[in-house]
Amino acid sequence: MFLVKFVWYASEDGMGLELDLNDSDDKISFLYELCDTLSSLDNSDFVVSGFGQDNWPVDVETDLPILLEQLGEIGSFLKNEKQELKISFYEQGIERDLLFKNEGQNVRISCQSFGSWEPQFTDETMQIDEFKLMLETFINNFDSCLERCLPNFHPKWLIYKDKELGSKRG
């Protein structure tokens, strides 16, 4: 079954870590710097599984920023503004595309590999509500981690997230 999640563990190491974002003007540099810093704390995991592989070879430092970079597309799909969503994991070693198609109460997820790994099966189906909950939980867990571990960074993340997801704070 397809799964994407972000898990972090509260510890005193790294809490309130300072992060200098002055050099991160473009989106991808900003996300890579953030995920590099989180990776150095060694208290979080980025997990993707499905299509016959329990744990894809993804990590916080390299692959998480790729997913976060595509947050705007994910937001449009979750709000039913798009009927299809393509998420690419393009770093060497993973090289897979996921195509999500809204099929009413379900989401059909297709996986295409561009590397040596081949999926056991190319399609999976999830209920749309389950899919939305999985992605909302992913984003909320990431928010919580930043708020606790990188409090000086958290406001900039919230602005980025709200812009990409099209939400506004009241």
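The figures follow:
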| quantity | calculated |
| --- | --- |
| Checking ASN152 against (1) open to solvent by 90 Å² or more (accessible area, probe 1.4 Å); (2) out of contact with any helix residue (DSSP H, G or I) (no Cβ under 7 Å at 6 or more places or on another chain), the condition it does not meet | (1) |
| The listed residue being touching a helix residue (DSSP H, G or I) at 6+ places or on another chain (Cβ under 9 Å) and either open to solvent by 20 Å² or more (accessible area, probe 1.4 Å) or among the acidic types (Asp, Glu) (or both), out of GLN105, GLN92, GLN112 | GLN105 |
| Residues being more than 20 Å from THR137 (Cβ to Cβ) and in contact (Cβ under 8 Å) with a residue 60 or more places away in the chain - total across segment 30-81 | 6 |
| The listed residue being touching a residue at least 60 places away in the same chain (Cβ under 8 Å), open to solvent by 50 Å² or more (accessible area, probe 1.4 Å) and of a type in the set (Phe, Trp, Tyr), out of TRP117, TRP157 | TRP117 |
| Top-ranked residue in segment 31-77 [being of a type in the set (A, V, I, L, M) and at pLDDT 90 or above; ranked as nearest to ILE159 (Cα to Cα)] | LEU68 |
| Segment 31-46, subset crowded, with 16+ Cβ neighbours inside 10 Å and of a type outside the set (Ser, Thr, Tyr), residue nearest to the chain's Cα centre (by Cα) | PHE46 |
| Within segment 56-170, strands (runs of 3 or more DSSP E) holding 3 or more residues that are of a type in the set (Gly, Ala, Ser) and farther than 15 Å from LYS5 by Cα | none |
| In segment 1-30, the residues that are surrounded by 14 or more Cβ atoms within 10 Å (Cβ to Cβ) and modelled with pLDDT under 65 | GLY14, LEU17, LEU19, LEU21, SER24 |
| Candidate set from segment 123-138 (those that are in contact (Cβ under 8 Å) with a residue 40 or more places away in the chain and either hydroxyl-bearing (Ser, Thr, Tyr) or touching a strand residue (DSSP E or B) at 6+ places or on another chain (Cβ under 8 Å) (or both)); member that is most open to solvent (accessible area, probe 1.4 Å) | THR137 |
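The values are calculated or read from the model by the stated rules, or taken from the named source; none is laboratory data. All values reported here derive from a predicted model rather than from experimental measurement. Glycine gets a Cβ as well: all are built from the backbone with ideal geometry, and neighbour counts include every protein chain shown. Surface accessibility is based on the protein's heavy atoms, side chains included, excluding ligands, DNA and RNA. Shrake-Rupley method; radii C 1.70, N 1.55, O 1.52, S 1.80 Å.
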